[in-house]
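Each reported figure results from applying straightforward, stated rules to the coordinates on display, with no laboratory input. These numbers come from a predicted model, not from an experiment. In this analysis, Cβ positions are derived from the backbone assuming ideal geometry, glycine residues included, and neighbour counts consider all displayed protein chains.
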Amino acid sequence: RPRVLSGIQPTAGSFHLGNYLGAVRQWVALQESHDAFYMVVDLHAITIPQDPAELRANTRLAVAQLLAAGVDPERCTLFVQSHVPEHAQLGWVMNCLTGFGEASRMTQFKDKSAKQGADRATVGLFTYPVLQVADILLYQANQVPVGEDQRQHIELTRDLAERFNGRYGQTFTVPAPYILKETAKIFDLQDPAVKMSKSASTPKGLINLLDDPKVTAKKVKSAVTDTDTVIRFDAEEKPGVSNLLTILSTLSGSPVEDLERSYEGKGYGALKTDLAEAMVEFVTPFRSRTQQYLDDPETLDAILAKGAEKARAVAAETLAQTYDRMGFLPAK
Ligand code: TYM
């Protein structure tokens, strides 16, 4: 079975709709056909300051949400990044393989560091993508299911894998991004020119999966559309309506063309009402399942302990091979 690996940050509390449609939904599907490794990336989270109690709670919450979304520890390996020390260890090796200029060109770093200012942005934020490279290469992943915003980090992963292999001999699988065209980028409901995100979205434009379903329905109903009246997918001319069609199509399983046909002659209100209903139907059980996992910390810990053990077995082997290839003297 080909292998997939992906990660999600625990920083935000609730996952948002972009996280789910762009990534986690694919994680759930791929665990059926692939040898899947999924993790909550707490080492990445500390690239910006975190309150310790909040980080701990949000890490549990992220795991609970993954389980609620359908990530099944019987079908995949689910773990927390800091439980597997090899991530930081291979991260260092990859740092020493990455050009300073190469890292400086990462657009997410440029955006985030520009926002924070040169002295508040940490060196950890700078090497964030390099740690992500280590995450992926440790598991010899063939594919990495993510949203469009992660594409550049996967490109860097490919470059570094090839560089290492060229210099020290075949060691790492060169991974490919797994990005579904339709849901690669879910947009802010209030400003469909920007992607939905915790940091950039307006509160009204951001659908948190753990919001009260009534709030979610209200946000859908006040989504920005356009002054036209036709319900048609056109990302350039009608980004707001197209975003709503994408979301409804994915949640309902009806192709966009079928939706376009069924809304012929109907107004935006009808589309929003149906989408609000579909959203509420999705988030209501998601919320209660998340709560159930949170209420049972022993089960959650047991899942993570088993996940870490399975992950370490793979990661340790890759790291040992990497150290050997690079010429580190083995510890006797
Ligand atoms: P993170 O935690 O920001 O986001 C988790 C996943 O959600 C996707 N995503 C979106 N997809 C579509 N539309 C959106 N508006 C949207 N917003 C977020 C992201 O693309 C991502 O797939 N660097 C990663 C975490 C990471 C990782 C890894 C991923 C660490 N190590 C190794 C893959 C492999 C991140 O910050 O994701």
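The condition of being over 30 Å from residue 207 (Cα atoms) and either in a loop (DSSP other than H, G, I, E, B) or basic (Lys, Arg) (or both) holds for only one of 157, 173, 183, that being 173. Quick check on region 32-72: of everything there that is assigned to a loop (DSSP other than H, G, I, E, B) and in contact with a strand residue (DSSP E or B) (Cβ under 8 Å, 6 or more places away or on another chain), which residue is surrounded by the fewest Cβ atoms within 10 Å (Cβ to Cβ)? It comes out as 71. Could you tell me whether any residue of region 300-316 is touching a residue at least 60 places away in the same chain (Cβ under 8 Å), surrounded by fewer than 13 Cβ atoms within 10 Å (Cβ to Cβ) and under 27 Å from residue 208 (Cα atoms)? No: region 300-316 contains no residue that is touching a residue at least 60 places away in the same chain (Cβ under 8 Å), surrounded by fewer than 13 Cβ atoms within 10 Å (Cβ to Cβ) and under 27 Å from residue 208 (Cα atoms). Counting the residues of region 157-187 that are farther than 30 Å from residue 224 by Cα, within 13 Å of the ligand (Cβ to nearest atom) and either of a type in the set (Ser, Thr, Tyr) or surrounded by fewer than 21 Cβ atoms within 10 Å (Cβ to Cβ) (or both) gives 4.
All conditions but one from (1) crowded, with 21+ Cβ neighbours inside 10 Å; (2) among the β-branched types (Val, Ile, Thr); (3) more than 23 Å from residue 319 (Cβ to Cβ) apply to residue 84; the one that does not is (3).
For region 188-202, filtered to residues that are touching a His at 6+ places or on another chain (Cβ under 9 Å) and more than 21 Å from residue 268 (Cβ to Cβ), the residue that is farthest from the ligand (Cβ to nearest atom) is 198.
Every condition in (1) in contact with a His (Cβ under 6 Å, 6 or more places away or on another chain); (2) farther than 30 Å from residue 135 by Cβ; (3) of a type in the set (A, V, I, L, M) holds for residue 223 except the one numbered (1).
Checked against (1) surrounded by 13 or more Cβ atoms within 10 Å (Cβ to Cβ); (2) in contact (Cβ under 8 Å) with a residue 12 or more places away in the chain; (3) out of contact with any His (no Cβ under 7 Å at 6 or more places or on another chain), residue 262 passes all but condition (2).
Counting just the residues of region 101-115 that are part of a helix (DSSP H, G or I) and touching a Pro at 6+ places or on another chain (Cβ under 8 Å), which one comes out surrounded by the fewest Cβ atoms within 10 Å (Cβ to Cβ)? So, considering only residues that are part of a helix (DSSP H, G or I) and touching a Pro at 6+ places or on another chain (Cβ under 8 Å), the one surrounded by the fewest Cβ atoms within 10 Å (Cβ to Cβ) is 108. Here is the figure for region 143-156: residues that are of a type outside the set (A, V, I, L, M) and within 8 Å of the ligand (Cβ to nearest atom) total 6.
Taking region 186-198 as the region of interest, how many residues are part of a loop (DSSP other than H, G, I, E, B) and touching a residue at least 40 places away in the same chain (Cβ under 8 Å)? Counting residues in region 186-198 that are part of a loop (DSSP other than H, G, I, E, B) and touching a residue at least 40 places away in the same chain (Cβ under 8 Å) gives 7.
Scanning region 201-234 for residues that are under 23 Å from the mean Cα position of the chain (by Cα) and not in a helix (DSSP H, G or I) returns 201, 202, 206, 207, 208, 209, 210, 211, 212.
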